[in-house]
Amino acid sequence: MYRVFLERAAERDLKKLSVRLHDRVIAAIQGLAKNPRPSGCRKLTGADNDWRIRVGDYGVVYEIADTIRVVRINRVRHRREVYR
């Protein structure tokens, strides 16, 4: 089991979402504690430990530290804006 931490920017992003979408994203983030590389996740090019999952039209960008079993959520944004 991995520990999941939200960066401050990700917390701000989550507050902007509708309640329904917020709940879906939180469920996906909680699932990362059990499996940090679920089916459909993508490794981001140009970064060593950065990954992305999609929840509807939104992307969750996160880092995985396997040695200490930590997942750090960096951003939760619409797919047009998530990489900016």
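Contact annotation: residue pairs with Cβ atoms under 7 Å, 6 or more positions apart or on different chains, pairing a residue in region 61-80 that is over 14 Å from Ala28 (Cβ atoms) and in contact (Cβ under 8 Å) with a residue 60 or more places away in the chain with a partner that is polar (S, T, N, Q) and surrounded by fewer than 14 Cβ atoms within 10 Å (Cβ to Cβ), are Ile64/Asn49. In region 14-29, the residues that are closer than 21 Å to Cys41 by Cα form Cβ pairs under 9 Å with partners that are of a type in the set (Gly, Ala, Ser) and buried (at least 16 other Cβ atoms within 10 Å of the Cβ), at six or more places apart or across chains, as follows: Ile29/Ala10. For region 29-84, a residue qualifies if it is at positive phi and modelled with pLDDT under 95, and the qualifying residues are Gly40, Gly46, Gly56.
Checking each residue of region 47-56 against the condition of being touching a residue at least 12 places away in the same chain (Cβ under 8 Å) and out of contact with any strand residue (DSSP E or B) (no Cβ under 9 Å at 6 or more places or on another chain) gives at least one match.
The values are calculated or read from the model by the stated rules, or taken from the named source; none is laboratory data. Nothing here was measured: the structure is a model prediction, and the numbers come from that model. Glycine also receives a Cβ, built like all others from the backbone with ideal geometry; neighbour counts cover every protein chain displayed.
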